[in-house]
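Okay, so here's the structure we're looking at.
Since every read-out is calculated from the coordinates, none of them should be taken as a lab result. A quick note: this is a predicted structure, and the numbers were derived from the prediction, not measured. No Cβ is skipped: glycine too gets one built from the backbone with ideal geometry, and neighbour counts run over all protein chains shown.
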Amino acid sequence: MAHTNRELIGFSRGISAQSMLLGYRAGAFAMSYRAPLYQWWSPDPRGVLPLDGLRMTRSLRKSVARFSVTFDKAFADVLAQCADPRRRGGWIDTGLRRAYLELHRAGHAHSVETRDDRGDLVGGLFVVNLGGFVSGESMFHRDRDASKVALVSLVARLREREQPVLLDTQWCTEHLASLGVREVSREDYLRRLAGVIDRPDVW
């Protein structure tokens, strides 16, 4: 997917957990660019996944039954898989990894782990949570549908909470659209963000 200059709103020299939290509150997020520079993005349109809009195919339902899922048991491992430099389009560098680990220690970043019948980690995702805002940062899989199963479990967990949730996917790719992600304008996104960001953490 091509991104426009209008979506790229700035650069910073270095990154920190605190600057990332400030960015999320303003509707922006960071990606590594060329060390030590980081890009800051505010997509328009923005990808969001309504909690009642997740699409479940028959094969995905079978996969859900085939795997088990844990939460926050292997954050560093999930992050390492998502940040693997061999991944095509990888954008999580050492600085971002340090910041995400700090966010996890502070209770703002969380992982969903998909495990096979031996208990081995075969997929997962991690998110950042502030109030009712949940940002899906990255996911990985080593077995078919393992990352999708993590997403299904994340949505199920969030639907149990009795408060509004904005599940942000940043952009809406063809793959994410097939799962129910849809596009909203930046103006609509920022309005929704303001309505949930100062509530108690939904996680």
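Worth a mention:
- The relative contact order of the stretch 49-203 comes to 28 percent, based on Cα pairs under 8 Å that sit 6 or more residues apart.
- Once the Cβ-Cβ distance of Glu183 and Leu101 is raised to the sixth power relative to R0 = 30 Å, the FRET efficiency obtained is 0.45.
- Per DSSP, loop trypsin sites (Lys or Arg not before Pro) in the stretch 1-62 with at most 15 further Cβ within 10 Å: Arg6, Arg34, Arg55
- Choice from Ser111, Ser59, Ser185 with maximal GNM fluctuation in the chain (Cα, 10 Å cutoff): Ser59
- When the Cα positions of Ala194, Tyr33, Leu22 are compared along the charge dipole of the chain, Tyr33 comes out farthest toward the positive end, with charges on each C-beta of Lys, Arg, Asp and Glu.
- By the beta-carbon count within 10 Å of each Cβ, the least crowded to most crowded order of Glu7, Glu187, fewest first, is Glu187, Glu7.
- Separation of the Arg34 and Asp84 label points, Cα + 7 Å toward Cβ, nm: 2.8 nm
- Residue of Gly124, Gly95, Gly132 that the Gaussian network model of the chain assigns the largest fluctuation, springs spanning Cα pairs under 10 Å: Gly95
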